[in-house]
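A short worksheet on the structure shown next.
The values are calculated or read from the model by the stated rules, or taken from the named source; none is laboratory data. As the structure is a computational prediction, the values presented were derived from the model and not from experiment. Cβ coordinates were reconstructed from backbone atoms using ideal geometry, including for glycine residues, and neighbour counts include every protein chain displayed.
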């Protein structure tokens with residue numbers, strides 16, 4: 001079993017805090033030493049309390065699902081002899097009320113566009129690769145959110 005960690009850092013500084021107008025800007029620190037500026041979403045907490053130039057948890061959720069899918073797709077393509085030159089996903093997440101009436105990320109749509117070098121899989125083969133990547137993705141298997149994949153064909 002693997003253990004994954006993240007350190008989340010926030011400091012009040014000289015802000016009043018009790019007026020609820022403090023900065024939601026904070027830092028995510030990961031085990032390789034990378035630090036990522038983070039914040040609440042400006043859609044949830046209006047500016048200036050949020051930071052537009054930082055990653056918010058909702059964006060990270062969408063990126064996590066997309067990244068997991070891509071990594072599995074690349075692995076499966078290589079295993080099947082398809083040489084991938086590039087992969088680009090313009091993923092999006094939708095926030096709505098779930099079945100319990102709570103605000104949740106209810107749908108994430110992945111829209112990967114993949115280019116190959118040499119032999120190119122048919123649409124049926126490409127769809128099968130995306131389906132298998134979705135089935136293998138640890139993150140997609142961990143959430144209740146509906147995750148769909150709408151591959152972009154050139």
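May I ask you to verify whether residue 138 is closer than 30 Å to residue 9 by Cα, assigned to a loop (DSSP other than H, G, I, E, B) and not assigned by TED's automatic domain parsing to the domain that holds residue 6? Yes, satisfied. For segment 1-20, a residue qualifies if it is touching a residue at least 24 places away in the same chain (Cβ under 8 Å) and closer than 18 Å to residue 56 by Cβ, and the qualifying residues are 6, 8. Within segment 45-58, the set of residues being touching a residue at least 24 places away in the same chain (Cβ under 8 Å), surrounded by fewer than 18 Cβ atoms within 10 Å (Cβ to Cβ) and in contact with a strand residue (DSSP E or B) (Cβ under 9 Å, 6 or more places away or on another chain) comprises 55, 58. Taken over segment 69-93, the criterion of being surrounded by fewer than 20 Cβ atoms within 10 Å (Cβ to Cβ), under 17 Å from the mean Cα position of the chain (by Cα) and either assigned to a helix (DSSP H, G or I) or not assigned by TED's automatic domain parsing to the domain that holds residue 113 (or both) is satisfied by 71, 74.
In the list 132, 150, 136, 146, which residue meets the criterion of being within 21 Å of the chain's Cα centre (by Cα) and farther than 26 Å from residue 57 by Cα? On inspection, the qualifying residue turns out to be 132. Quick check, is residue 66 under 15 Å from the mean Cα position of the chain (by Cα) and in a loop (DSSP other than H, G, I, E, B)? Here the answer is no, as residue 66 does not meet what is asked.
Residue pairs whose Cβ atoms lie under 6 Å apart, separated by 6 or more positions or on different chains, with the first residue in segment 97-124 and in contact (Cβ under 8 Å) with a residue 60 or more places away in the chain and the second crowded, with 16+ Cβ neighbours inside 10 Å, do not occur.
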